[in-house]
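The structure appears right after this line, and notes come after that.
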């Protein structure tokens, strides 16, 4: 049995679906017990990743999909965003992603946007995988005191 629950969404690569993905991730994060501030950070980071996939993955007029995979653990969330529209073998893809390097990822930064810099600031870990498009892998941990408070609330 997997040590996490896995949720995968596929949305059309259109700007109006960025908010749908953000809302879903926000709901999943609240189930794990993230604070309001951390959920806001997750919403911004995931919006950046999905927006980037929408803007850069497909040529004008080409229909495409963005795939968002979320692994929910007791104390963290791992989010993968891919612009090539294929489902993940989550564990296999996770093993392939590596740390990103500022010089290599310049193309990821939108004009006037902060892209990966912003995502990296808001998340605990960020990795990127270039193959058949771009996959961004982001991790955020629930702060320990929040987990302990939630456990006490649940057990009392």
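The values are calculated or read from the model by the stated rules, or taken from the named source; none is laboratory data. None of these values were measured; they are calculated from a predicted model. All Cβ positions, even for glycine, are placed from backbone atoms using ideal geometry, and neighbour counts span all protein chains on display.
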Reported set for the range 98-117 where residues are out of contact with any helix residue (DSSP H, G or I) (no Cβ under 8 Å at 6 or more places or on another chain) and at pLDDT 75 or above is 117
Checking 74, 19 in turn, the sole residue that is surrounded by fewer than 20 Cβ atoms within 10 Å (Cβ to Cβ), part of a loop (DSSP other than H, G, I, E, B), modelled with pLDDT of 90 or more and more than 12 Å from the chain's Cα centre (by Cα) turns out to be 74
(Q) residue 120 - would you say it is modelled with pLDDT under 70, closer than 21 Å to residue 18 by Cβ and crowded, with 16+ Cβ neighbours inside 10 Å? (A) no
Selection over the range 77-87 where residues are modelled with pLDDT under 75 and crowded, with 18+ Cβ neighbours inside 10 Å yields a count of 1
With criteria (1) assigned to a strand (DSSP E or B); (2) at pLDDT below 95; (3) closer than 20 Å to residue 94 by Cα, residue 48 comes up short on (1)
Counting only residues in the range 53-68 that are surrounded by 17 or more Cβ atoms within 10 Å (Cβ to Cβ) and within 19 Å of residue 120 (Cβ to Cβ), the one modelled with the highest pLDDT is identified as 68
Here the residues within the range 27-43 that are touching a residue at least 12 places away in the same chain (Cβ under 8 Å) and either closer than 18 Å to residue 9 by Cβ or surrounded by 18 or more Cβ atoms within 10 Å (Cβ to Cβ) (or both) are 28, 29, 31, 32, 33, 34, 38, 39, 41, 42, 43
Among the residues of the range 127-156, the number that are at pLDDT 90 or above and either more than 18 Å from residue 76 (Cβ to Cβ) or part of a strand (DSSP E or B) (or both) is 5
